[in-house]
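Worksheet: the structure to be examined is printed underneath.
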Ligand code: PLP
């Protein structure tokens with residue numbers, strides 16, 4: 001374990017670690033897969049990723065568990081989602097077993113930088129990327145690709161972790177994904193959100209909540225997390241059913257855990273922005289956001305307070321405990337969700 005880092009003070013920012021993974025593709029084959037030490041990417045100035053944003057990325061994590069292991073959470077799901085994006089962006093797929101092996105190898109190589117158990121949810125963030133490279137001026141698919149993964153120890157995405165956060169609906173610059181939807185993580189998609197992000201952060205909000213692009217009446221998702229709400233009286237866990245949100249693996253997991261572990265009714269459906277009064281609690285969920293409850297959501301100068309501006313609601317707390325309990329080895333995981341990096 002490195003003594004260079006104060007695990008309790010990590011935020012969601014980059015710390016350089018010794019190794020990254022790289023694999024190259026040309027003429028239908030992956031080659032030269034392995035660990036490298038240089039954090040600079042070796043890519044040509046005319047690479048389609050640089051010129052046209054031909055690239056997709058993922059964001060998963062490795063966790064230091066209670067019994068001293070290092071584990072990945074559902075890495076196959078992240079590999080499959082990367083490949084859905086790859087197909088959409090005319091790129092070759094990374095075989096899922098190879099994706100999982102690469103995640104394990106790069107985490108193991110940097111094991112001294114994996115936050116140990118018990119530091120406010122700190123974990124090692126894993127950023128796989130598949131990029132179109134090579135000299136290729138035309139607007140057409142690259143003939144060469146780079147699959148690369150960097151890892152870096154992180155703390156919570158939004159300051160304060162499991163505490164109420166303040167969000168705003170502000171679609172002056174709507175999120176425009178490369179395919180017109182949010183349902184792939186493409187390298188170019190996110191840049192269209194940056195102007196809004198800058199403005200709302202300066203105004204003191206933690207994130208932007210986007211509405212559906214067609215009618216602007218229903219909640220879609222946050223800039224890098226899905227949305228959930230807990231219905232008053234029934235405690236039903238509701239999350240938007242939309243094909244313009246990224247299909248979050250945290251959402252998929254929480255839908256299952258809410259139903260099977262907490263015995264809640266669950267629904268993927270419409271959450272109208274005019275119906276916020278129907279919900280007792282709400283929040284953001286994602287691999288980086290974990291569960292970040294909404295203290296308030298501001299819309300057209302109207303600040304709607306959900307459970308409380310200072311306290312976290314009971315259902316959000318239970319969901320957080322269940323999810324992080326599985327990730328950090330405190331609770332039994334459903335079959336296949338947890339992969340020990342040191343086991344074959
Ligand atoms: N939505 C967007 C736009 C995201 O970028 C992310 C994660 O980065 C999520 C939702 C949450 O997805 P996941 O739970 O798979 O991390």
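Residue 171: surrounded by 14 or more Cβ atoms within 10 Å (Cβ to Cβ), part of a strand (DSSP E or B) and either more than 16 Å from the ligand (Cβ to nearest atom) or at pLDDT below 90 (or both), yes or no? Walk me through it before giving the result.
Details: surrounded by 14 or more Cβ atoms within 10 Å (Cβ to Cβ): yes; part of a strand (DSSP E or B): no; either more than 16 Å from the ligand (Cβ to nearest atom) or at pLDDT below 90 (or both): yes.
Here the answer is no, as residue 171 does not meet what is asked.
If you check residue 71 against the conditions, is it at pLDDT 95 or above, away from the ligand (no atom under 16 Å from the Cβ) and part of a strand (DSSP E or B)? Don't jump to the end; show me each part of the working.
On the way: at pLDDT 95 or above: yes; away from the ligand (no atom under 16 Å from the Cβ): yes; part of a strand (DSSP E or B): yes.
Criteria met by residue 71.
For the stretch 12-19, the criterion of a residue being modelled with pLDDT of 95 or more and over 19 Å from residue 154 (Cβ atoms) is satisfied by no position.
In the stretch 273-293, the residues that are free of Cβ contacts under 8 Å to residues at least 24 places away in the same chain form no Cβ pair under 6 Å with any partner that is in a strand (DSSP E or B) and away from the ligand (no atom under 12 Å from the Cβ), whether six or more places apart or across chains. For the stretch 185-298, the strands (runs of 3 or more DSSP E) that sit wholly inside it and include 1 or more residues that are within 13 Å of the ligand (Cβ to nearest atom) are 207-211, 219-222, 226-231, 237-240, 279-286. Evaluate the stretch 130-145: report whether one residue or more is modelled with pLDDT of 95 or more and within 25 Å of residue 343 (Cβ to Cβ). No, every residue in the stretch 130-145 fails to be modelled with pLDDT of 95 or more and within 25 Å of residue 343 (Cβ to Cβ).
Yes or no, residue by residue, for (1) more than 16 Å from the ligand (Cβ to nearest atom); (2) buried (at least 24 other Cβ atoms within 10 Å of the Cβ); (3) within 28 Å of residue 189 (Cβ to Cβ):
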site: 67; (1), (2), (3): yes, no, no
site: 82; (1), (2), (3): no, yes, yes
site: 85; (1), (2), (3): no, yes, yes
site: 88; (1), (2), (3): no, no, yes
site: 95; (1), (2), (3): yes, no, yes
site: 102; (1), (2), (3): yes, yes, yes
site: 119; (1), (2), (3): yes, no, no
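The values are calculated or read from the model by the stated rules, or taken from the named source; none is laboratory data. No experiment lies behind these values; they were computed from the predicted model shown. Glycine gets a Cβ as well: all are built from the backbone with ideal geometry, and neighbour counts include every protein chain shown.
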